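Worksheet: one structure, shown below.
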Amino acid sequence: MAICVASVDVRGLVDSLNFAEKVDRSLGLIREAYEEFGERLVVADSLGKDSCVVWDLAKQVSAKLRGFIITTRFKPPETKRFMVETVRRYPELRVFSNDSGIPDRLYGTHPDQCCELLKVEPTRRAIAEMDVACWVTGLRCTEGRTRTDFQEIEERDEGLIKLNPILVWHEREVWQYLALYGVPVNPLYAQGYRSLGCAPCTQITSDPNERAGRWIGTSKCGGECGIHTRPLQVEYQI
Ligand code: SF4
């Protein structure tokens, strides 16, 4: 049966399913997508806690599943080290970045443009070069104001399916999974970060909003880099 893009009562699932039911649901979604797309199902690994869960779930479905990591020159050293360790363990994860020249401190003056160049552009390239038919993300609808309008199975770009298999998980359930299954995480979480990004744009806060520490002091505060909101399926010369 073909995987179906449909509108589901996501908020209802957040509150009605328990932890074990959510794990089963997420595994079922990945399994169904793998049956349809095979190795053209590819995981986007941000190296954050949510991606760690999704990667672990995906590997339970098939050890063959591939993934990609988008990195930038501004990632904290801890994240860079964690990336090297992760790729050493899983060489089927490919790393993409945009290392071309950009204006100094673009993240301060034009953060949207900076993210477009350093994050969205390499994501488009990863999708084109890896011949992705369906990409898998760690996006959750409980993360903050910018993440409430998503579905578990989406087609925001024509011909490119996006699977958000842990969309209905709470932050607590992410940590529950990581603890129960002994999944390693970025050591920055031990310092108090709740959402990780590039060093100049990420701070520790006590705000209840999980993404409140992102892009503080800019119009993008608590917002998005663009990989979940910008078109990804554009003409790309490989
Ligand atoms: S998170 Fe900040 S430094 Fe990283 S790409 Fe976006 S604006 Fe640039």
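Evaluating A190 against the criteria (1) surrounded by fewer than 20 Cβ atoms within 10 Å (Cβ to Cβ); (2) of a type in the set (A, V, I, L, M, F, W, C); (3) within 16 Å of the ligand (Cβ to nearest atom) leaves one unmet condition, (3). For region 111-134, does any single residue satisfy the condition of being in contact with a Pro (Cβ under 8 Å, 6 or more places away or on another chain) and farther than 16 Å from T202 by Cβ? The answer is no, given that none of the residues of region 111-134 is in contact with a Pro (Cβ under 8 Å, 6 or more places away or on another chain) and farther than 16 Å from T202 by Cβ.
Got a number for residues in region 193-234 being among the hydroxyl-bearing types (S, T, Y) and surrounded by fewer than 17 Cβ atoms within 10 Å (Cβ to Cβ)? Number of matching residues: 4.
Taken over region 101-126, the criterion of being within 13 Å of the ligand (Cβ to nearest atom) and not in a helix (DSSP H, G or I) is satisfied by I102, P103, D104, R105, H110.
Table: residues versus (1) out of contact with any Ser or Thr (no Cβ under 8 Å at 6 or more places or on another chain); (2) closer than 23 Å to Y189 by Cα; (3) of a type in the set (K, R).
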{"site": "A58", "(1), (2), (3)": "yes, yes, no"}
{"site": "L65", "(1), (2), (3)": "yes, no, no"}
{"site": "E85", "(1), (2), (3)": "yes, yes, no"}
{"site": "S97", "(1), (2), (3)": "no, no, no"}
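Exactly one residue among Q233, Q237 is out of contact with any Asp or Glu (no Cβ under 7 Å at 6 or more places or on another chain), in a loop (DSSP other than H, G, I, E, B), away from the ligand (no atom under 16 Å from the Cβ) and modelled with pLDDT under 95, and that residue is Q237. Any residue at all in region 65-80 that is away from the ligand (no atom under 16 Å from the Cβ), part of a helix (DSSP H, G or I), crowded, with 21+ Cβ neighbours inside 10 Å and at pLDDT 95 or above? Looking for residues that are away from the ligand (no atom under 16 Å from the Cβ), part of a helix (DSSP H, G or I), crowded, with 21+ Cβ neighbours inside 10 Å and at pLDDT 95 or above, one finds none in region 65-80, hence no. Of all the criteria given as (1) crowded, with 18+ Cβ neighbours inside 10 Å; (2) under 22 Å from V42 (Cβ atoms), the one not satisfied by E173 is (2). Tell me whether region 205-226 contains one or more residues that are of a type in the set (D, E), away from the ligand (no atom under 16 Å from the Cβ), more than 17 Å from the chain's Cα centre (by Cα) and over 24 Å from V14 (Cα atoms). Within region 205-226 (the criterion being of a type in the set (D, E), away from the ligand (no atom under 16 Å from the Cβ), more than 17 Å from the chain's Cα centre (by Cα) and over 24 Å from V14 (Cα atoms)), the answer is no, since none of the residues qualifies.
Of the residues making up region 18-35, just one is over 13 Å from A58 (Cα atoms) and surrounded by 15 or more Cβ atoms within 10 Å (Cβ to Cβ), namely K22.
The values are calculated or read from the model by the stated rules, or taken from the named source; none is laboratory data. A quick note: this is a predicted structure, and the numbers were derived from the prediction, not measured. Ideal geometry is used to build each Cβ from the backbone, glycine not excepted, and the neighbour counts take in all protein chains shown.
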